[in-house]
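This report refers to the structure that appears directly beneath it.
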Amino acid sequence: MASVSGAQVIAESLKAQNIEYMFGIVGIPVTEIAIAAQAVGIKYVGMRNEQAACYAASAVGYLTGRPGVCLVVSGPGFLHALGGMANATVNCWPLIVIGGSSDRNQETMGAFQEFPQAVRTSIYGRPGSCYIDIPGDFVTLQVNKSSVKYVECCLPPPISTAESSAVSRAASVIALSKQPLLIIGKGAAYSHAENNIRKLVDLCGLPFLPTPMAKGVVPDNHPNCVAAARSTALQHADVIILLGARLNWILHFGLPPRFRKDVKVIQIDICSEELGNNVRPAATLLGDINAVTGQLLEEFSKRSLKYPSNSEWWKRLRETMLNNEERSKGLALQKSLPMNYYTVFHHIRELIPKDCILVSEGANTMDIGRTMLPNYYPRQRLDAGTFGTMGVGLGFAIAAAMVAKDRTPEKRVICIEGDSAFGFSGMEVETICRYNLPVLIIIINNNGIYTGLGADAWKEMLKFGEPATCVPPVSLLPNSHYEEIMSAFGGKGYFVKTPEELQNALKASLTDKQTPSLINVMIDPQSDRKKQEFPWLTRSNL
Ligand code: ADP
Ligand code: MG
């Protein structure tokens, strides 16, 4: 009688659920699961920290709509993965974490039957993370092959539409609006609603604003994108159509002073608990964004709803956009050294391909980069997200590169990191080199968190005492050669200080489509902040 091991059963049942990618760190008792997964054709990526592995698995869920698996050992392995699970849950991204625990005689029982349920739970309704606990002795246990029955692959999530009365109420509210604004969130990106939303924008002539990860659902260079007038648009809109975005901190809770007190919100979301959060909505459309946008399109064409492009509102938005664009252009063209953020992003924007996948994290690096680097395609921007998690960058970049390799090999993954953000999972550079993923990492290095010290100021400061008592908590070591981490593993590293060096390094790493590379860009440690004279001297603890 042929037999199979628990590990093989686990791998086969994951395969039966169309799981394509697994990220993790092996150890007792899960090593056999990773080996079995590879044997059935699941791509296993061994990472250097469970947290980064979990971020990677969750990004696969967002990019493909099918959960990625994160495989960890029990105890500390599982604890490291918690950061990724929390991040996925808050982002509403599907994820399955599998942890190997102790043997059953030392613990409570778990069951294989939990697999299909976990897949379904992760992708149905509002997506999120699931955890499966595998008793250690299940992994090596041999069972009769013919006695194992795999549950069929769970169906894609059912698609729900909104009540028709809510659709017509929404249309009536929009028809009466003088200053409407469409806000597109990452729920719209996740639900692949780009074609319908694009049609809605074109048909109705509405100004729109993407949230950070929704950039590219409708291209940033679309004439109706008012991102360059974000504050004005939010502050003065009288009707807001919220497509898969939450009224959380990213959208200033939908409350004054960033919004009008009397703003009418039309909320479209798949999660009913989300409806009415912070603001009492004028209409709630509970359903799948793509389907509901289809319903709105139908209703709008019935009523021939078109917002006039010569309205006062459009005039005001266009003027604000022009002014704001001029201002950042001024900063970008500054010639002084060390460079500032705007100069660096200006050169990056000039040279990177239009269809690249952008991963970004860090404080100023992410915020300024978001406004300076356009996205033209949906689901091609991954960042610190709803939870504001730093350390996601390298895991996300690895996931995006793995998915791109299989689906869109021509697309380059470019990961733009603050120096502090890079530090959270810098060792994943080894993973990138081991799997030969042509990721380009750009570190915008200001020697610190938010702001740092230059080498001279650092030396001055050390005269005041021991580092533990005088190094500002925001400071990191100046002039750190992070690019050497990349060259240590066979990739290409560049240390750049001038626009010319930056351009050359970018050109070289973009031309070489095979080799992973890292460009460490030194910028003014005080960039984007008013110059402060030795701020640590005013601290009371010194
Ligand atoms: P952003 O960060 O872009 O503001 P959020 O993560 O806050 O976006 O919001 C995304 C919203 O999209 C969540 O409330 C989630 O429930 C919702 N969502 C996810 N998938 C779908 C879908 N298929 N249809 C409708 N809403 C969805
Ligand atoms: Mg920094």
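The values are calculated or read from the model by the stated rules, or taken from the named source; none is laboratory data. None of these values were measured; they are calculated from a predicted model. Cβ: placed from backbone, ideal geometry, glycine included. Neighbour counts: every protein chain shown. These area figures cover heavy atoms from the full protein model, side chains too; ligands, DNA and RNA do not enter into them. Shrake-Rupley method; radii C 1.70, N 1.55, O 1.52, S 1.80 Å.
For Asn248 and Lys329, the difference between the fully extended length at 0.36 nm per residue and the C-alpha to C-alpha distance is 26.1 nm.
Here segment 317-389 is treated as a sphere whose radius is the Kirkwood value from Cα pairs; by Stokes-Einstein at 37 °C and 0.692 mPa s it diffuses with a coefficient of 243 µm²/s.
Do the sum for the chain: with -39,500 (n - 2.57) for every DSSP H run of n ≥ 4, divided by all residues, what is the mean residue ellipticity at 222 nm, to the nearest 500 deg cm²/dmol? Display every interim value, and only then the final one.
On the way: 21 runs with 215 residues, N = 542.
Helix contribution divided over all residues of the chain: -11500 deg cm²/dmol.
A 1.4 Å probe run over segment 389-498, with the rest of the protein chains in place, finds 40 Å² accessible per residue.
Counting Lys and Arg as +1 and Asp and Glu as -1 over every other residue whose Cβ lies under 9 Å from the Cβ of Pro338, the net charge comes to 0.
Of the chymotrypsin sites (Phe, Trp or Tyr not before Pro) in segment 128-227, which ones lie in a loop per DSSP and count no more than 15 other C-beta atoms within 10 Å?
Tyr150
Each DSSP beta bridge with both residues in the chain is either parallel or antiparallel, and the antiparallel ones are about 5%.
For segment 386-489, the normalised intensity computed at q = 0.15, 0.16, 0.17, 0.18 Å⁻¹ comes to -0.69, -0.76, -0.82, -0.88 (log10 of I(q)/I(0), Debye sum over alpha carbons, equal scatterers, no solvent). Normalised by residue number, the volume inside the convex hull of the Cα atoms of segment 113-219 is 160 Å³ per residue. Ignoring the sites themselves, the chain has its longest run without trypsin sites (Lys or Arg not before Pro) in a DSSP loop having at most 14 other Cβ atoms within 10 Å at 1-148.
Please state, as a whole number in µm²/s, the translational diffusion coefficient that the Stokes-Einstein equation yields for the chain at 37 °C and 0.692 mPa s, with Rh defined as the Kirkwood radius across alpha carbon pairs. If you can, show how the numbers build up before the last one.
Details: Rh = 24.9 Å.
It comes out at roughly 132 µm²/s.
Across segment 502-518, rounded Karplus estimates of 3J(HN,Hα) from the backbone phi angles (6.51 cos²θ - 1.76 cosθ + 1.60, θ = phi - 60°) give 5, 4, 5, 5, 4, 4, 4, 6, 7, 6, 7, 8, 9, 9, x, 9, 9 Hz, Gly and Pro being marked x.
Cβ screening of the chain for cysteine pairs under 4.7 Å finds these without a partner: Cys92, Cys130, Cys153, Cys154, Cys204, Cys225, Cys271, Cys356, Cys415, Cys433, Cys470. Annotation note: GluC sites (Glu not before Pro) in segment 148-194 located in DSSP loop regions with a Cβ neighbour count of at most 16 within 10 Å are Glu152, Glu163. A simple charge model with +1 on the Cβ of Lys and Arg, -1 on the Cβ of Asp and Glu and nothing else charged puts the dipole of the chain at about 1500 debye relative to its Cα centre. Quick note on segment 326-464: its Rg to Rh ratio, both from C-alpha atoms and Rh being the Kirkwood radius, is 1.00. Taking all protein chains into account, the per residue accessible area for segment 114-186 stands at 51 Å² (1.4 Å probe).
In angstrom, the C-alpha Rg and Dmax of segment 24-154 are 14.1, 41.
State the percentage of accessible surface on segment 1-99 attributable to carbon and sulfur atoms; use a 1.4 Å probe and exclude ligands, DNA and RNA. All intermediate terms of the calculation are to be shown ahead of the outcome.
Numbers: 1750 of 2950 Å².
Carbon and sulfur: 59 percent of the exposed surface of segment 1-99.
Lysines near Lys507 by alpha-carbon distance under 17 Å, same-chain residues fewer than 8 away left out - which ones? Once the sequence-local lysines are set aside, what remains near Lys507 is Lys354, Lys411, Lys492, Lys497. In the structure shown, the pairs Lys186/Lys329; Lys178/Lys199; Lys329/Lys405; Lys43/Lys186; Lys215/Lys329 are assessed against 24 Å; a Cα-Cα span above that value is assigned to Lys186/Lys329; Lys329/Lys405; Lys43/Lys186.
A straight Cα-to-Cα reach below 22 Å connects Lys463 with the lysines Lys531, residues fewer than 8 places away in its own chain not being considered.
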